[in-house]
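J.: Can you keep this structure in mind? I'll have questions shortly.
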Amino acid sequence: MRYYLRDGTLVVRGNFDGLSSGVGGGYARVTTLLNHTVPYGYDASEPKRTLGLVAASLGLGDSFFGLMTAVPMQHLVVLRYDFLTLFITAGTTHPTPDGPGTINIIITSIEGFSQSALAGAFITATEAKVLALRDRDRSYTGTTSDAIIVASEGGMEHQYAGPVSEAGRRIMSCVRHGVAVALDRYEGRVPSDKPAFIIYSRFNGGGWVEWTPVNCPYYPCHFKGQRCDFCYCPLYPCGDESLGGWVESSSGGRVWACTDCTLNHDPEVVRHLKRNPEATLSELKAVSMKK
């Protein structure tokens, strides 16, 4: 799975089995997930055509699920919790039932979900969204145009995604925290000139931590002159044994260890990846070797 922003559109790429309540929704296998910012006052009479034109302009074809929002992508919140990555935008200027407003939630997993798990994730995410609104003292449960995409790739590992399942408890935590943060950013309580990237860290008992390369206390963690745009590698876990290997985690599971890999900090590699966000691992390794 890769993701990037282009002209007010979040693009998430992969080979997904997914379920969507948005444009072109239902259950399908798709290669692209979109969250596109539209201007205030947008005529929503032809949303499928609008997103089709967006996908075509980006050279993405028609294999996509799409969402639309009036929230600028600078307020996007990206959350990573183990095998899950979530993307949330939230604006509740017009809560239900008074008029249109949008909370968009995209849930992706690098571990496969059954169709039951995809549906269960919808329920879990909706419950978590309501809790997040309660956390911000809102009396309503959502907006009139809220939408969710759940998409997974990889081998089948999760049959269910209810709130006490391995997948569901992570989704619950991500959505509850992410919706609250997204509201804080959109409503101006937290400055937001670019998307937030938040990870679940198990240090000091576990909790959510927002990562930023600005004034990082660990810089330089690898070498002088390193780039930190992709501190959390977009290729993780790459599975390339020349760069790392699988090790046993403290909980008894398997986790990918990057060992001594510094590819995602190489200035030339970072520049190439920012220009070509779907570059393959072999392509990036070749860029690094040219130096």
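The values are calculated or read from the model by the stated rules, or taken from the named source; none is laboratory data. Since this is a predicted model, take the numbers as computed values, not measurements. Methodologically, a virtual Cβ is constructed for each residue, glycine included, from the backbone with ideal geometry; neighbour enumeration extends over all protein chains shown.
J.: Inside the range 102-206, counting only strands (runs of 3 or more DSSP E) that do not spill past its ends, which hold 1 or more residues that are over 16 Å from the mean Cα position of the chain (by Cα)?
T.: Details: elements: 102-109, 147-152, 156-158, 196-201.
Because the criterion is at least 1 residues that are over 16 Å from the mean Cα position of the chain (by Cα), the strands (runs of 3 or more DSSP E) in the range 102-206 that meet it are 102-109, 156-158, 196-201.
J.: A further question follows. What about residue 169, is it in the same structural domain as residue 45 (by TED's automatic domain parsing) and out of contact with any helix residue (DSSP H, G or I) (no Cβ under 8 Å at 6 or more places or on another chain)?
T.: On the way: in the same structural domain as residue 45 (by TED's automatic domain parsing): yes; out of contact with any helix residue (DSSP H, G or I) (no Cβ under 8 Å at 6 or more places or on another chain): yes.
The answer is yes for residue 169.
J.: Also, quick follow-up: Quick one: is residue 44 under 29 Å from residue 123 (Cα atoms), outside the structural domain of residue 276 (by TED's automatic domain parsing), more than 19 Å from the chain's Cα centre (by Cα) and of a type in the set (A, V, I, L, M)?
T.: On the way: under 29 Å from residue 123 (Cα atoms): yes; outside the structural domain of residue 276 (by TED's automatic domain parsing): yes; more than 19 Å from the chain's Cα centre (by Cα): yes; of a type in the set (A, V, I, L, M): yes.
Spelling it out, residue 44 is indeed under 29 Å from residue 123 (Cα atoms), outside the structural domain of residue 276 (by TED's automatic domain parsing), more than 19 Å from the chain's Cα centre (by Cα) and of a type in the set (A, V, I, L, M).
J.: Which pairs turn up if I take residues in the range 158-175 that are surrounded by fewer than 24 Cβ atoms within 10 Å (Cβ to Cβ) and look for partners that are assigned to a loop (DSSP other than H, G, I, E, B) with beta carbon separation below 6 Å, at least 6 apart in sequence or on another chain?
T.: 159/114; 168/161; 168/162; 172/163
J.: Quick check, is residue 70 surrounded by 16 or more Cβ atoms within 10 Å (Cβ to Cβ) and in contact with a helix residue (DSSP H, G or I) (Cβ under 6 Å, 6 or more places away or on another chain)? Lay out the reasoning, then the answer.
T.: Details: surrounded by 16 or more Cβ atoms within 10 Å (Cβ to Cβ): yes; in contact with a helix residue (DSSP H, G or I) (Cβ under 6 Å, 6 or more places away or on another chain): no.
Here the answer is no, as residue 70 does not meet what is asked.
J.: I need the full set of residues from the range 147-183 which are among the charged types (D, E, K, R) and modelled with pLDDT of 95 or more, in order please. Full working, then the answer.
T.: Pass one, the range 147-183, residues among the charged types (D, E, K, R): 153, 157, 166, 169-170, 176.
153, 166, 169, 170, 176, listed by residue number.
J.: Moving on to the next point. Please specify each residue of the range 10-31 satisfying the condition of being more than 16 Å from residue 147 (Cα to Cα) and of a type outside the set (A, V, I, L, M, F, W, C).
T.: Hits for the range 10-31 are 13, 14, 15, 17, 29, 31.
J.: Of all residues in the range 111-127, how many are closer than 24 Å to residue 183 by Cα and surrounded by fewer than 23 Cβ atoms within 10 Å (Cβ to Cβ)?
T.: 4
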